[in-house]
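A.B. asks: Below is a structure I'd like to ask you about.
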Amino acid sequence: MKFGAKTDIGLVRENNEDAFLVCPRRRLLAVADGMGGHLAGEVASRLAIEVLDRKVPFPVPSDESSAARMLESTFQEANEVILQYGRRFPDCYGMGTTLTAALLCGSRLIIGHVGDSRLYLWRRGNFRCLTADHSVAEELVRNGTISPEAALHHPYRHVLTRALGTDFQLEVDILEKTLEPGDRVLLCTDGLSNLVMDNEIEDILRENLRSLEEIADSLVNLALNRGGYDNVTVVVAQFDL
């Protein structure tokens with residue numbers, strides 16, 4: 001597995017509430033974007049990544065259904081860990097985090113997703129987001145109340161409808177996608193997707209003369225050049241199939 005990854009505090013925030021994980025041995029990728037007052041978001045995202053790193057075994061499950069169940073249970077455990085931590089430490093009560101993770105099982109990519117961090121797939125000139133944002137604005141788009149263009153400027157576009165650590169009942173999106181040789185997978189927090197349009201991300205991803213590290217750097221730097229008002233994290237990978 002080849003990869004590039006970069007995280008940056010941005011130009012406005014005082015701390016980085018993003019966290020990420022890349023494990024080539026397990027072919028495991030993840031990003032998390034925390035939320036909460038006074039460093040609590042930073043704690044929530046770190047806890048989510050730590051649980052994921054601890055619970056995903058090596059070797060990973062050999063079949064897709066087992067891998068999917070394992071990823072689902074890992075998200076549920078991370079949710080419980082964050083809730084328990086908030087009960088123990090009042091300064092962290094109510095903290096939460098997004099979590100988007102991808103695990104390659106054979107040629108099948110198993111994806112777990114909660115929140116508005118995203119996973120994109122680039123394949124031979126075709127580029128699309130495989131995850132659905134769990135935000136108020138995107139829910140309104142999905143039920144036909146507003147247009148995708150209106151969602152870009154909706155006052156509730158950053159208000160999440162799902163996050164780890166905010167409710168005992170957690171609904172996790174589990175997705176599966178067969179990968180092909182040459183596919184590139186990109187995970188990012190909304191510090192990128194809120195400032196860089198999908199077509200711009202696609203243009204940079206298709207640049208085969210650049211290393212994946214250079215691609216991650218370019219995307220983060222583009223977000224910073226647009227104002228960098230949020231933490232920004234990018235993980236881009238190309239798997240050996």
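All of the numbers you see were taken from the coordinates with simple rules; none came from a lab. Predicted model, so just to flag it, every value in this text is computed and none were measured. So basically every Cβ, Gly included, is an ideal-geometry build from the backbone, and we count neighbours across all protein chains shown.
A.B. asks: Quick one: TYR120, TYR85, fewest Cβ neighbours within 10 Å first, how do they rank? Present the calculation step by step, with values, prior to reporting the outcome.
C.D. replies: Values: TYR120 20, TYR85 17.
Fewest-to-most Cβ neighbours within 10 Å comes out as TYR85, TYR120.
A.B. asks: Could you work out the helix-only [θ] at 222 nm for the chain, with each DSSP H run of four or more residues adding -39,500 (n - 2.57) and the total divided by the number of residues, to the nearest 500 deg cm²/dmol?
C.D. replies: So the helix-based figure for the chain works out to -10000 deg cm²/dmol.
A.B. asks: Right, next: Binning at 10 Å from 0, report for the range 97-185 what percent of all alpha-carbon pair distances ends up in each bin.
C.D. replies: Spelled out per bin, shortest first, that is 17, 41, 32, 11, 0.
A.B. asks: Could you work out the relative contact order of the chain? I mean the mean sequence separation of Cα pairs under 8 Å and 6+ apart, divided by the number of residues, in percent.
C.D. replies: Contact order relative to length: 29 percent.
A.B. asks: Can you tell me the dipole magnitude for the chain around its Cα centre, using point charges on the Cβ only (Lys, Arg +1; Asp, Glu -1), in Debye to the nearest 20?
C.D. replies: 500
A.B. asks: Quick one: check the C-alpha center-to-center distance for the range 50-109 versus the range 200-241, whole angstrom.
C.D. replies: So the separation of the two Cα centres works out to 25 Å.
A.B. asks: Roughly how compact is the range 1-160, stated as its Cα Rg over 2.2 N^0.38 Å to two decimals?
C.D. replies: Expressed relative to 2.2 N^0.38 Å, the Cα Rg reads 1.10.
A.B. asks: Sorting GLU77, GLU180 on the 10 Å Cβ count, fewest up front, what's the list?
C.D. replies: Final ranking by Cβ density, sparse to dense: GLU180, GLU77.
A.B. asks: Once the Cα gyration tensor of the range 114-241 is diagonalised, what are the square roots of 5 times its eigenvalues, in whole Å and ordered largest first, as equivalent ellipsoid semi-axes?
C.D. replies: 25, 18, 14
A.B. asks: Which of the trypsin sites (Lys or Arg not before Pro) found in the range 1-94 are in a DSSP loop and have at most 15 neighbouring Cβ atoms, other than their own, within 10 Å?
C.D. replies: Loop-located and lightly packed - ARG25.
A.B. asks: Then there's this: Can you sort HIS113, HIS134 so the residue with the fewest Cβ neighbours within 10 Å comes first?
C.D. replies: In increasing order of surrounding Cβ atoms, one gets HIS134, HIS113.
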